[in-house]
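*Asks:* Can you read through this structure? Questions will come right after.
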Amino acid sequence: PLTQNVTVVEGGTAILTCRVDQNDNTSLQWSNPAQQTLYFDDKKALRDNRIELVRASWHELSISVSDVSLSDEGQYTCSLFTMPVKTSKAYLTVLGVPEKPQISGFSSPVMEGDLMQLTCKTSGSKPAADIRWFKNDKEIKDVKYLKEEDANRKTFTVSSTLDFRVDRSDDGVAVICRVDHESLNATPQVAMQVLEIHYTPSVKIIPSTPFPQEGQPLILTCESKGKPLPEPVLWTKDGGELPDPDRMVVSGRELNILFLNKTDNGTYRCEATNTIGQSSAEYVLIVHDPNALAGQTGPDHALIGGIVAVVVFVTLCSIFLLGRYLARHKGTYLTNEAKGAEDAPDADTAIINAEGSQVNAEEKKEYFI
């Protein structure tokens with residue numbers, strides 16, 4: 001007879017099949033690990049409603065075991081009653097399904113900078129399940145793993161501990177414990193813990209305009225972040241109270257100065273406080289004269305005039321130098337044309353010698369020029 005080992009998840013159904021290629025009407029029998037006969041041909045021998053006949057013939061005997069428990073695991077025997085009896089073994093493996101994991105060790109809230117220790121535990125797995133940790137969808141590798149045998153000495157309880165120091169970026173982050181096991185059919189069980197981290201405020205002042213001008217309004221916004229959220233915020237000027245409450249109105253996190261003047265120049269401070277601590281930011285206000293700003297942004301006529309003067313000067317110099325160059329080039333050309341003697345040391349001598357006399361030399365030179 002031919003059989004195959006079978007693996008089934010606890011609570012599922014196992015099919016045990018025994019086949020014989022050639023059989024001359026010889027009976028087949030299935031027996032359990034306790035050597036109790038389950039089926040003899042198509043006749044049920046053991047009163048167990050979970051065991052049913054699937055197929056019975058001279059060449060095959062198949063039975064099913066439903067609602068399989070861990071105690072059903074073991075070696076089953078198919079016997080062919082020849083002389084002598086021939087047998088084949090099939091081992092039934094039952095997988096223990098891990099329970100849904102639980103995360104412990106979190107107490108809300110946690111202060112920024114504290115060391116947090118989270119433990120994930122699951123029981124009932126067979127073989128022992130695997131536990132993995134994820135934070136912001138990124139797996140955390142540096143964890144501790146512990147495996148213990150359950151009281152039934154067949155399944156396991158596994159636990160994993162994650163240690164890390166928290167900061168404000170961990171607030172609202174989901175830490176996930178994932179249990180992987182072959183009985184879960186590629187669908188892992190997960191437990192999730194959302195972190196709540198308390199931290200001191202961070203403060204920043206944002207002005208409504210980068211160039212405050214006299215006579216215009218200005219809004220300073222105190223942007224504060226913290227947990228618990230700091231509310232309200234405190235505004236001061238130069239270390240004291242706001243000097244003009246009629247013109248300087250505080251609305252929530254905003255300081256509204258209705259119309260600016262030079263007396264508003266100074267250092268404005270925004271302070272935010274929560275149960276964890278206090279933080280502040282400063283803004284130095286300089287009120288600009290709108291006419292001065294307009295002059296700065298208009299065209300600089302003096303600069304333009306200077307540029308034009310430089311361009312004119314450079315142009316005139318270029319014309320002068322070009323004229324001198326052309327004049328020198330023309331004289332040299334005529335002189336070489338007029339050169340009558342090979343031994344003339346210079347242009348003037350060449351002109352004079354070409355005529356054969358030094359009489360009227362100045363006149364000839366003048367003619368040359």
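The values are calculated or read from the model by the stated rules, or taken from the named source; none is laboratory data. It should be emphasised that the depicted structure is a prediction, and the values quoted were computed from it without experimental measurement. Cβ sites come from the backbone with ideal geometry, for glycine too, and all protein chains shown count toward neighbours. Surface areas here come from the heavy atoms of the whole protein model, side chains and all, with no ligands, DNA or RNA. Shrake-Rupley method; radii C 1.70, N 1.55, O 1.52, S 1.80 Å.
*Asks:* Between residue 47 and residue 241, what length in nm is gained on full extension when 0.36 nm per residue of separation is reduced by their alpha carbon distance?
*Replies:* Between residue 47 and residue 241, full extension yields 60.6 nm more.
*Asks:* Taking the full set of protein chains and a 1.4 angstrom probe, give the accessible area of residue 320 in square angstrom, rounded to the nearest 10.
*Replies:* Roll a 1.4 Å probe over it and residue 320 shows about 130 Å².
*Asks:* Mind running the shape call on the chain? Use the C-alpha gyration tensor, a ≥ b ≥ c as the square roots of the eigenvalues: rounded below 1.5 for a/c, prolate if a/b tops b/c, oblate otherwise.
*Replies:* It comes out oblate by the Cα gyration axes.
*Asks:* Let me ask something additional. Pick out which of 143, 194, 85 has the largest mean-square fluctuation in a Gaussian network model of the chain, springs linking Cα atoms closer than 10 Å.
*Replies:* Taking springs between Cα atoms under 10 Å, the residue moving most is 85.
*Asks:* Along the positive direction of the dipole of the chain (beta-carbon charges: Lys, Arg +1; Asp, Glu -1; about the Cα centre), which of 190, 115, 176 reaches farthest?
*Replies:* So the residue we want is 190.
*Asks:* Follow-up. Under 5 Å between amide hydrogens, which residues at least 5 positions from residue 253 or on another chain qualify, with H placed 1.01 Å from N in the peptide plane?
*Replies:* none
*Asks:* Quick check on the chain: helices-only [θ] at 222 nm, where DSSP H runs of length 4 and up contribute -39,500 (n - 2.57) each and the sum goes over total residues. Nearest 500, please.
*Replies:* Helix-only estimate at 222 nm: -5500 deg cm²/dmol.
*Asks:* Sequence gap at least 6, Cα distance under 8 Å: using those rules, report the relative contact order of segment 102-195 to the nearest whole percent.
*Replies:* Computed over segment 102-195, the figure is 32 percent.
*Asks:* Lys and Arg at +1, Asp and Glu at -1: add these up for the other residues within a Cβ distance under 11 Å of residue 190 and post the number.
*Replies:* Net of charged neighbours comes to +2.
*Asks:* Where does the charge balance sit around residue 162 when Lys and Arg score +1, Asp and Glu -1, over other residues with C-beta under 10 Å from its C-beta?
*Replies:* 0
*Asks:* Now for a different question. Please give the per residue accessible area of segment 102-195, computed with a probe of 1.4 Å over protein heavy atoms only, in Å².
*Replies:* Here the residues of segment 102-195 average 56 Å² of exposed surface.
*Asks:* Moving to a separate point now. Can you tell me the relative contact order of the chain? Whole percent, Cα pairs under 8 Å, sequence separation 6 or more.
*Replies:* Taking the mean separation of contacting Cα pairs over the length of the chain, I get 10 percent.
*Asks:* Which of the residue pairs 204/227; 100/141; 141/227; 89/154; 44/89 have a Cα-Cα distance greater than 25 Å in the structure shown?
*Replies:* Checking Cα-Cα distances, 141/227 exceed 25 Å.
*Asks:* Using the 4.7 Å Cβ rule, please list in number order the cysteines from the chain without any candidate partner.
*Replies:* Among the cysteines of the chain, those whose Cβ sits 4.7 Å or more from every other are 317.
*Asks:* Quick one: what are the phi-derived ³J(HN,Hα) couplings along segment 114-130, Karplus 6.51/-1.76/1.60 with θ = phi - 60°, whole Hz, x for glycine and proline?
*Replies:* My calculation for segment 114-130 gives 6, 8, 9, 10, 10, 10, 10, 9, 9, 10, x, 8, 8, x, 4, 6, 10 Hz in order.
*Asks:* Let me ask you something else. Can you work out the FRET efficiency for the pair residue 82 and residue 164, with r the C-beta to C-beta distance and R0 = 51 Å, to the nearest 0.05?
*Replies:* 0.15
*Asks:* Tell me which of 245, 22, 200 sits at the most positive position along the dipole axis of the chain, charges placed on C-beta atoms (Lys, Arg +1; Asp, Glu -1).
*Replies:* 22
*Asks:* Now for a different question. Take 165, 324, 247 and sort them by solvent-accessible surface of the protein heavy atoms, 1.4 Å probe, largest at the top.
*Replies:* 165, 324, 247
*Asks:* Enumerate the calculated ³J(HN,Hα) couplings along segment 182-193 in order (Karplus 6.51 cos²θ - 1.76 cosθ + 1.60, θ = phi - 60°), each rounded to whole Hz, writing x wherever the residue is Gly or Pro.
*Replies:* The phi angles translate into 5, 7, 8, 6, 6, 10, x, 8, 10, 10, 10, 10 Hz.
*Asks:* What percent does the relative contact order of segment 2-95 come to when contacts are Cα pairs within less than 8 Å and at least six residues apart?
*Replies:* 37 percent
*Asks:* Find how much the distance from residue 147 to residue 320 grows on full extension, using 0.36 nm per residue of separation minus their present alpha carbon separation; answer in nm with one decimal.
*Replies:* Roughly 52.3 nm would be gained on extension.
*Asks:* For a quick check of understanding: with a 1.4 angstrom probe and all protein chains in place, what accessible area in square angstrom does residue 214 have, to the nearest ten?
*Replies:* Around 70 Å² of this residue is reachable by solvent.
*Asks:* Let me ask you something else. Starting at the first residue of segment 91-96, write each ³J(HN,Hα) from the Karplus equation 6.51 cos²θ - 1.76 cosθ + 1.60 with θ = phi - 60°, in whole Hz, x for Gly and Pro.
*Replies:* Values per residue, Gly and Pro as x: 9, 9, 9, 10, 8, x Hz.
*Asks:* Counting only protein heavy atoms and a 1.4 Å probe, tell me what percentage of the chain's accessible area is made up of carbon and sulfur.
*Replies:* Carbon with sulfur: 53 percent of the solvent-accessible area.
*Asks:* Rounded to the nearest 0.05, what FRET efficiency do residue 275 and residue 130 give with R0 = 35 Å and r taken as the Cβ-Cβ distance? Could you check?
*Replies:* Efficiency, rounded to the nearest 0.05: 0.30.
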